[in-house]
1. Taking neighbour Cβ counts within 10 Å as the exposure measure, how do Leu62, Leu244, Leu120 sort from fewest upward?
2. Taking one equal scatterer on every alpha-carbon of the range 31-183, how large is log10 of I(q)/I(0) by Debye at q = 0.13 1/Å?
3. By count of other Cβ within 10 Å, fewest leading, how are Arg121, Arg131 ordered?
4. For the range 140-189, what Kirkwood radius comes out of the mean inverse Cα-Cα distance, in Å?
5. Taking every pair of alpha-carbon atoms in the range 194-282, give the share separated by more than 15 Å as a whole percent.
6. Hey, could you pull the Cα Rg and Dmax for the range 122-233, both in Å?
7. Given the C-alpha centroids of the range 43-104 and the range 122-176, what is the distance between them in whole angstrom?
8. Taking the number of other C-beta atoms within 10 Å as the exposure measure, put Tyr206, Tyr227, Tyr110 in order starting with the fewest.
Amino acid sequence: MAFNASTSRKRSAMWSAWVVAALLMLPVLDASTYGGVIAASALVLCLVPGALPRTPRQRDRLDLIVVGGLLLGVVGLMRLAFVGFSTDQVAGLFLAFAAALLLGVIGPIYYTVWIRHRPLRTLGLRVDNLRITAGLAILFAGVQFALTLWSYDLPAPVDWVPLLIMALVVGAFESIFFRGFVQDRLEAQFGPAVGVAAAAALYGVYHVGYGMGGDELVFLTGLGVVYAVAFAIARNLLVLWPLLTPLGSFYANLEAGDIELPWASIAGFADVLALMLVALWLAIRHQRKRHVSVQTPPNASPP
């Protein structure tokens, strides 16, 4: 047991150092090179003895069908929003965008809790390992912040506050959908190496919905590997959100300078986040009721 605990700590330290190194490479390498270097270095590290945990694999065709179906739905709605409606039809763009975000959060929560009767912790929604998670979250986000937003000359608040709110909401969606759901289910099916790689690749491909091209998709696939490894270390979404992934998205949008959001957009994103929280609250209630019903015999008399 002591040997296993020591091996696990060494493994976590090794991959944490790799995540930090990968983040430090962000300002050094161009987009397409970054994706290739990050993927290759992760693959090499996988060959180190003890680098990957040995976990049982659970073949489940329904999981794969639901992962594929929800992914197609999310990408389709994103494509409808940003390519179909585009900024020419703002109302349609936001409604399709909001539908994609909600599908990517409520869909996995409903499937996991109500259909498969699995706990929310399988989605990375957990609070039992907060110390290690908080430490890693601050470390990773601190590195990224130092490289991007430290001493950054922010524009007027109207030009960045709505972008920050959007980054927080989109970050919650991406963390739950791609890390907590897609990655977790793929790792359970195919093991950690294939699961992480496949989830990162799907994360890159999903940006087709935004209308992005080749170099951007390669870069985002590499970034997806970084986020997937960070999640795999802690198995807790708080290692990514609300710090690491929103900060990265926020900085990218500031640098691109091609998104202009009015103050009123904050209310729309707040509504989307509120619906996500309601779904989470209902799932917690359902879990508690189910736990009580399992613990209480059918013929037991009330006290």
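Read-outs throughout are calculated quantities, based only on the coordinates presented, and are distinct from any laboratory measurement. What you are looking at is a predicted structure, and each value in this text was computed from that prediction instead of being measured. All Cβ positions, glycine included, derive from the backbone under ideal geometry; neighbour counts span all protein chains shown.
1. Leu62, Leu120, Leu244
2. -0.93
3. Arg131, Arg121
4. Computed over the range 140-189, the radius equals 13.2 Å.
5. That tail contains 71 percent of the Cα-Cα pairs.
6. Spelled out, the Cα radius of gyration and Dmax of the range 122-233 are 15.5, 47 Å.
7. Spelled out, the Cα-based centre of one part sits 20 Å from the other.
8. Final ranking by Cβ density, sparse to dense: Tyr110, Tyr206, Tyr227.
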